[in-house]
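Peer 1: If you scroll down you'll find the structure; I have some questions about it.
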Amino acid sequence: MNKFWRYAAIILLCASIAGCAGMQRKFARKKKQEEKPLPIVTTYDYAKEQRVDELYKKRFLFWKSWQGELIDRMGDGYKKRTECYYELMQNLLEMQKYLNDQKYNELGVFITEIKSVDPAVKKIDLRGSEQYRITQVLEKTKRLIDKRFSYTKVKDFLELRK
């Protein structure tokens, strides 16, 4: 009988320590989750002219930095030259999209001039004379585009082309 009370005391002690919280959680009702309200998104309709101005300024700044980078990297590997050339052309073509017909054609002349050095820029090994010639073309076009197509010069000629 002494063993029985000992086992009973151990069982009662274990039950009191462990408790029945697990059982209560298992059979307790779960609260209904309330639906959260959807967030309210406010959009602003900026004027078309303002968007075009900002987009042109951004592309002009990107073009200027990429062309400067290409001029500085003419002595580097062809991969970096090719990347710089690709980026400057993308930004020039984007700039061109925001110009009216007159300025569009004017910028087209410079784009054609820069495209003339395309095969040489992408060559793996450039000779010194080729590097010099390409650098001269890039510096000249950069100077002229910067002078004629800065935002202050073309702000009256901006429009969005489709």
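FYI, it's all coordinate maths here, none of it is from the lab. This structure is a prediction, so every number in the text was calculated from the model and none was measured. Glycine also receives a Cβ, built like all others from the backbone with ideal geometry; neighbour counts cover every protein chain displayed.
Peer 1: Please express the Cα-Cα pair-distance distribution P(r) of region 65-148 as a list of whole percents, one per 5 Å bin, running from 0 to the bin with the greatest distance.
Peer 2: Distribution as computed: 3, 15, 28, 26, 15, 8, 4, 1 percent.
Peer 1: Related question: Assigning unit charges at the beta carbon (Lys, Arg +1; Asp, Glu -1) and nothing else, what dipole magnitude in debye, to the nearest 20, does region 53-157 show about its Cα centre?
Peer 2: 140 debye
Peer 1: Which entries in the list 79/155; 79/103; 97/147; 97/142 go over 29 Å, if you measure between the two C-alpha atoms of each?
Peer 2: 79/155; 79/103
Peer 1: Now for a separate question. By counting other Cβ atoms within 10 Å of each Cβ, how are 116, 129, 65 ranked from fewest to most?
Peer 2: Fewest-to-most ranking of 116, 129, 65: 129, 116, 65.
Peer 1: Something else: Sequence neighbours fewer than 8 away in the same chain don't count; with that in mind, list the aspartates and glutamates whose C-alpha is under 19 Å from residue 140.
Peer 2: Once the sequence-local aspartates and glutamates are set aside, what remains near residue 140 is 69, 72, 87, 106, 113, 118, 130.
Peer 1: Another question, if that's okay. With a 10 Å Cβ neighbour count serving as the proxy for reagent exposure, in which order, fewest first, do 85, 7, 151 appear?
Peer 2: Sorted ascending by nearby Cβ count, the order is 7, 151, 85.
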